[in-house]
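The values are calculated or read from the model by the stated rules, or taken from the named source; none is laboratory data. Since this is a predicted model, take the numbers as computed values, not measurements. Neighbour counts run over all protein chains shown; Cβ positions are idealised from the backbone, glycine included. Just the protein is used for accessible areas: all its heavy atoms, side chains included, with ligands, DNA and RNA removed. Shrake-Rupley method; radii C 1.70, N 1.55, O 1.52, S 1.80 Å.
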Amino acid sequence: MLKKALFAATALVALAVGAAANAADLKEFRVGILGGENEADRLRNYACLADHLKKEFGFEKVSLFPAADYDGVIQGLLGGTLDFAELGASGYASVVLKDPKAVTPILTTQQTDGATGYYSIGLALKSSGITDIKSAKGKKLGYADPDSTSGYLIPLTQIPKDTGASNEAFFASTQFNGGHENNILAVRDGKVDVAVDDSSGIGNFKDGYTSGTFHKVAAKGAVDPNDFVEVWRSGLIPNGPLVVRTAIGADMTAKLTDFFTNLPKKDKACFEGVEGGDFTGYVPVKPDFYNVIVEARKAAIGG
């Protein structure tokens, strides 16, 4: 709540004095970080990125803002108090539906198999006896965040196609657990029976696949994938975009695009830390790549 209040307060100041539009005016570069993992891990993983940005562009300061939830970053971008963030597709759709000109998508991640998409997967404990989503009838379903694509929007709209009923009717209850990591831990701790998570869906399940929050949580030993079973998988979801505040101008946008395109080669460890998994790199992306998600969000939850 405190960070969201700070975003809102700073936004009022920014609107009053006008946001810096030229690269030369950017003394501070402000990076929003979605609330997927715990804050300490996010700050640690992004520290190298802040160092690279400061050195590359000569910023006096690079500030990292690990928002408590997705909406903190969304409001920061809309209010002009953040200059850059990596969003999920649904989070990007939320921004576009409120202000189509607020941000410019520049790049997205590419999986090791060449895909520029990922999956929402449903995870349950092996000990629960749940083997597929239909056998989870009358159980508790955990969502990650209201602005998450894989952790809410896609399961909300696609699971009913497999069960034949709305999630509210099919499950005994549904609840938000404050982000993807917390959602997986909620299954581990028995607070929910099934949790929906973002995942590359490729590679070994015993590693939590090659990327996604399940992979991150497994890699640091918070869960053992051998205790889990995948009980549901969505269709392919567009990987979320790296976005910049449109008001920083075309010149700075182009320079940032080049910077991030080269980051995987320049510092692979930093790139993997920021992205939390095994990707080949970044590839260009245009707004229309997300049209299907924008329309799905508009239809399902109204923006």
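Quick notes
- Ratio Rg/Rh, restricted to region 151-250 and using Cα atoms, in which Rh is the Kirkwood radius: 1.03
- Counting only heavy atoms of the protein chains and using a 1.4 Å probe, His180 has close to 10 Å² of accessible surface.
- Within the listed set Arg188, Arg44, Arg233, the residue fluctuating most in the Gaussian network model of the chain (springs between alpha-carbon atoms under 10 angstrom) is Arg44.
- When DSSP beta bridges are restricted to pairs lying wholly in the chain, around 65% turn out antiparallel.
- With contacts taken as Cα pairs under 8 Å at a separation of at least 6 residues, region 90-162 carries a relative contact order of 32 percent.
- Relative contact order of region 131-266, taken over Cα pairs closer than 8 Å and 6 or more residues apart, is 22 percent.
- Share of pairwise Cα separations in region 68-204, more than 20 Å, in percent: 51
- Proximity of backbone amide H atoms, modeled 1.01 Å from N, is registered between Gly178 and no other residue at under 5 Å, excluding neighbours fewer than 5 places apart on the same chain.
- 3J(HN,Hα) from dihedral phi, region 158-169, Karplus parametrisation 6.51/-1.76/1.60, rounded to Hz, x for glycine, proline: 9, 4, x, 5, 8, 9, x, 8, 5, 4, 5, 7
- Put a dot 7 Å past the Cα of Ala300, heading toward its Cβ, do the same for Arg233, and the two dots end up 1.9 nm apart.
- Calculated P(r) of region 189-228 - Cα pairs past 14 Å, %: 43
- Look at the alpha carbon pairs under 8 Å that are at least 6 residues apart: their mean separation over the length of the chain gives a relative contact order of 26 percent.
- The chain - mean residue ellipticity at 222 nm from DSSP helices (-39,500 (n - 2.57) per run, n ≥ 4, rounded to 500): -12000 deg cm²/dmol
- Only lysine pairs 8 or more places apart, or on different chains, with alpha-carbon atoms under 15 angstrom apart are counted in region 129-281, and they number 6.
- GNM remark for the chain: springs join alpha carbons under 10 Å apart, and the peak mean-square fluctuation among Glu39, Glu56, Glu230 falls on Glu56.
- Treating r as the C-beta distance of Lys137 and Lys268 and R0 as 51 Å, the FRET efficiency rounds to 0.70.
- Rounded Å value of the spacing that divides the Cα centres of region 208-263 and region 117-141: 22
- Each label point was placed 7 Å from the Cα along the Cα-to-Cβ direction; for Ala165 and Arg44 their separation is 4.3 nm.
- Kirkwood hydrodynamic radius (C-alpha pairs) into Stokes-Einstein, region 226-303, 10 °C and 1.306 mPa s, D in µm²/s: 102
- Table column - 3J(HN,Hα) (Hz), region 258-273, Karplus curve with 6.51, -1.76, 1.60, x for Gly and Pro: 5, 4, 6, 4, 8, 4, x, 7, 6, 8, 4, 5, 5, 4, 5, x
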